[in-house]
Every structure is written in C-alpha cells, then in structure tokens.
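Working notes for the structure below.
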Amino acid sequence: MRTKIFVVALVLLVLPEFVLSQSINLNFIGAGARARGMGGAFIGVADDATASSWNPAGLSRLQKAEASVVGIFESYTPESDVEGFDAEPYQHSHFGLNYASLALPLAVGDRNLVAAVGFHQVIDFYNKYDGEYWESENTGGVNAIMPSIGIQLTPMISLGATVNIYTGSSEYTSKDKSGYYQDEKESEEYSGTNFTLGGLFDFDRFRFGVVYKSGFALNVNDDDDDDVEFNMPNMLGFGVAFEATENLILAADYEMRKFSESTVKADWGEEKLGWEDINQFRVGAEYLLMTGNSILPVRVGFATTPTPFKDDNDDQIVGINLSAGIGLIMGSINLDLAVEYNTFNYEFQTGGSTFDYSDNYLRLIVAGVFHFGK
C-alpha cells in the first residue's frame, strides 16, 4: 500500500514540468478566425488581411485597404488515469491579442501591389499551476513584426514576401506555499529574423499555393545575460483550394518542418535537440449563406497537431484539432468567430508503471476585418 501511495505522489510531483514541456505549440500556425475555423487550411485561400501569416502572395488579391485584429481565448484542462489525479491545479485560461495588421493596395501599371505590416504572437508561453504546496505562472511569448508585400504578376500568378522580425519576452514566477523554499521570478527576452516567400497560382476555380519559411536562430537572453540560441528549421508548405460552387470552398494544406535537425547553442557548445520532425495536415471548408444584404459564412475544419516530442512509449506526440466557425459580412465590415478543440493523448512512465495523459485545449477566436476606400 505504501509503495502504491509513493508512486501516485511521485507522478503528481513530476506532472507540472512534463505538462509544461508539451504546452508550447511549435506548428507556428497562422492567424485569423476565418482561417482557423477552416482548420488552418489557408495557404491556397489567403485572400484577406491575415494572408501575410499564411501566404503573403495572397495579399495581391486585396482590392481595398484593410485592417484586421484577432484575439484568442484559450482554456486548458488535462486528464489522466493516475489514481488520485486532480486536474484542477493545472486548469487555466487566458485571453490575448494574437494578430493585428494593416494592408494597403497600390497600383503598379496593370498589376496589383499590396503592402502590409502586421503583428503576430507566434508562440504563446502562457501556463499556470496552482497546487497545494506551490503555484507558478508563465506569461508572454514570441511575437513577430511582419512587413509584407504581395504582387500580382499575371491574372494567374501572384508572388509575395514577408520579413519576420521576432521579439517578445516571457516571465516565470513561482510561489512556495510550504514555507521551505524561496519564491522565484525569472524572465527571458527573444529575438531573431527570417523571411517568408509565397506563391499563389489561380486556375479559375482551382488555386494552388506554396510557402517557404527560412530557418532562423531564435536568441534567448535571460536575467543573468546568458545567451542561448535555438536554431529553428526551414518550413515548406503547400495548399490547394477548390471553389466547388460559387458559395463553397474546399481547402487542404500540408506543411513540413525538419525539427530533427534543430540544435541549441550556448557557451558550453552546440548539440542537437533530439526532436522529431513536424509534418502537419489541415483540411477545411467554407460555405456562404446569403441573407438579404448580409452574408453568413459557415466553416468547419480538421488538422493534425504534431509536436517534436516523444512520449515514454517512444511514440511521437501528435494531437488532433477540430474547428468550426461562423462569420458576418456587412458591407465594409467582416466579423468572424471560430472555436477549436485541440487534444493530445500520450503515455508516460514513472515508478515502474505506465499512465495515460491528455492535454485538452478549447479556444475561441474572434476577429474583425475592416475595409477602407472605394
């Protein structure tokens, strides 16, 4: 009986650190309630002000100046078959700005040229634990400032480029409730730069998109001025969109990131992280309901959400993401709402036993796109 109690207690003690390692999304998915409602299948669609985060070539499809803003509310709940496991200390929720942009079409002869600048929170580090003996909270993330340009070379071919200037910071605080240890407070700052190149090819009712994001060094500087450099891999993505009818769009994306080649570099040297590659598949659909002077888009989507980590059974941790959304188009204003349910199931071992665990995220994404000019 004592052995069983010890194993349960040990599992509960190691879970906070284990959960935190799985909570960072390295799929670097783009922004927007419309796109996310379609499961993120947007590389071949990319025809609104969020295009710079998916495929900057799609900016060339904008006919009017546009501004956009996107916020995300996220709620997290874990589950486990560990005897005595209490999910409440791990549960948390928060709301934050995810994306904002301004796009301005310019005329270059007969070609449509669109310049844009955007803000995007690429990685959200938020995590919270509030247990009986200690509590901790991690806030902040990695953001990108994104000057972009898209140009329509011919009626069928558009190209685009984005420079991603990474900034941001995070802060970790912990409080010991037992009175035996000191409270902690640590912070980090992030920096780096890479670029995105995109192409969009329009064949009447069928569109094909391709995106390349260059690898980059994400620099991390902590309170002690220690510098760590994470070398992030290239990304290559493909997307297709098919206008089945005037009111229905079907889309699918596939992205590849070679995280198995990623390294970490510090004063002590450089070594591989030992991570798995991330290959993500996304599908989605959008149907336009016509209601008088307004349009109500309805969306559904599905995506795999792989992580670069393995569980204790040596299997890569891959989640699934189910999404749905609705919008309202009224003249120069587009309002969108999307909901995502993202779950990960994996196994971990401790005390000679194997346990099941799942991370479950519910997200509400709200967005507004505002058109200016004639």
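The values are calculated or read from the model by the stated rules, or taken from the named source; none is laboratory data. Just so we're clear, the structure is a prediction, and the values are computed from it rather than from any experiment. Ideal geometry is used to build each Cβ from the backbone, glycine not excepted, and the neighbour counts take in all protein chains shown. Remember, those area values only see protein heavy atoms, side chains included, never the ligands or the DNA or RNA. Shrake-Rupley method; radii C 1.70, N 1.55, O 1.52, S 1.80 Å.
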Quick one: if the Förster radius is 51 Å, what FRET efficiency do THR173 and TYR212 give, using the C-beta to C-beta distance and rounding to 0.05? 0.85
What does the charge add up to near ILE149, with Lys and Arg as +1, Asp and Glu as -1, over the other residues with Cβ less than 14 Å from its Cβ? +2
Given a Förster distance of 45 Å, the FRET efficiency implied by the Cβ-Cβ spacing of ASN219 and GLU83, rounded to the nearest 0.05, works out to 0.55
Find the relative contact order for the chain and round it to a whole percent, using C-alpha pairs within less than 8 Å whose residues are 6+ positions apart. 19 percent
Degrees, to the nearest 10: 2-22 long Cα axis against longest axis of the chain: 30 degrees
Expected output is a single nm value to one decimal: the length gained when fully extending between PHE242 and LEU159, i.e. 0.36 nm times separation in residues minus the C-alpha distance. What is it? 27.9 nm
Charge dipole (debye, nearest 20) of the range 116-271; +1 at Cβ of Lys and Arg, -1 at Cβ of Asp and Glu: 1160 debye
Working with all protein chains in place, sort MET235, MET330 by solvent-accessible area computed with a 1.4 Å probe, largest first. MET330, MET235
Give me the accessible area of MET256, 1.4 Å probe, in Å² rounded to the nearest 10. 70 Å²
Computed over the Cα atoms of the range 239-374, the Rg and Dmax in Å are 20.6, 68
How much accessible area does THR245 have with a 1.4 Å probe, in Å² rounded to the nearest 10? 70 Å²
Length gained when the stretch GLN349-SER187 is fully extended (0.36 nm per residue, less Cα-Cα span): 55.2 nm
Projected-area average for the range 112-182 over all orientations - Cα convex hull basis, square nanometres: 6.5 nm²
For the range 137-181 and the range 266-341, distance of Cα centres in Å: 16 Å
For the chain, modelled as a GNM with alpha-carbon contacts under 10 angstrom, which of ALA49, ALA252, ALA65 fluctuates the most? ALA65
Taking 0.36 nm per residue of separation between PHE370 and LEU197 and subtracting their Cα-Cα distance, the length gained on full extension comes to 59.7 nm
Treating only the Cβ atoms of Lys and Arg (+1) and Asp and Glu (-1) as charged, compute the dipole magnitude of the chain about its Cα centre; round to the nearest 20 debye. 2040 debye
Taking all protein chains together and a probe of 1.4 Å, list VAL114, VAL300 from the most accessible to the least accessible. VAL300, VAL114
What accessible surface, in Å², does a 1.4 Å probe find on LEU288, ignoring ligands, DNA and RNA and rounding to the nearest 10? 40 Å²
How many nm separate the modelled label positions at ILE145 and ASP314, each set 7 Å beyond the Cα in the direction of the Cβ? 4.7 nm
Mind giving me the nanometre distance, one decimal, between the label points for ASP267 and LEU328, set 7 Å out from Cα along Cα→Cβ? 5.7 nm
Looking at VAL283, SER294, LEU236, which one has the Cα that reaches farthest to the positive end of the dipole of the range 189-339 (charges on Cβ: Lys, Arg +1; Asp, Glu -1)? SER294
Determine the sum of side-chain charges near LEU250: Lys and Arg each +1, Asp and Glu each -1, restricted to other residues whose C-beta is under 14 angstrom from that of LEU250. 0
Rounded percent of accessible protein surface that carbon and sulfur make up, the chain, 1.4 Å probe: 57 percent
May I ask which residue of THR162, ALA46, ILE151 lies farthest towards the positive end of the charge dipole of the chain, with charges of +1 (Lys, Arg) and -1 (Asp, Glu) on Cβ and the Cα centre as origin? ILE151
With the Cα gyration tensor of the chain in hand, give its eigenvalues times 5 under a square root as the equivalent ellipsoid semi-axes, listed largest first in whole angstrom. 39, 23, 19
Net charge, LEU337 excluded, C-beta distance under 12 Å - Lys, Arg +1, Asp, Glu -1: +2
Packing rank of 116-126, 310-320, 148-158, where each peptide gets the mean count of other beta carbons within 10 Å, highest leading: 116-126, 148-158, 310-320
Per residue, how large is the accessible surface of the chain? Use a 1.4 angstrom probe and give square angstrom. 48 Å²
For GLY168, other-chain or 5+-apart residues with amide H closer than 5 Å (H placed, Pro excluded) are ASN143, TYR190
Taking θ = phi - 60°, what integer Hz values does the Karplus form 6.51 cos²θ - 1.76 cosθ + 1.60 yield along the range 192-197, in sequence order, with x for Gly and Pro? x, 8, 8, 9, 10, 10
Along the range 129-143, Karplus-curve 3J(HN,Hα) (6.51, -1.76, 1.60; θ = phi - 60°) to the nearest Hz, with x for Gly and Pro, reads 9, 9, x, 5, 9, 7, 9, 8, 8, 10, 10, x, x, 9, 10
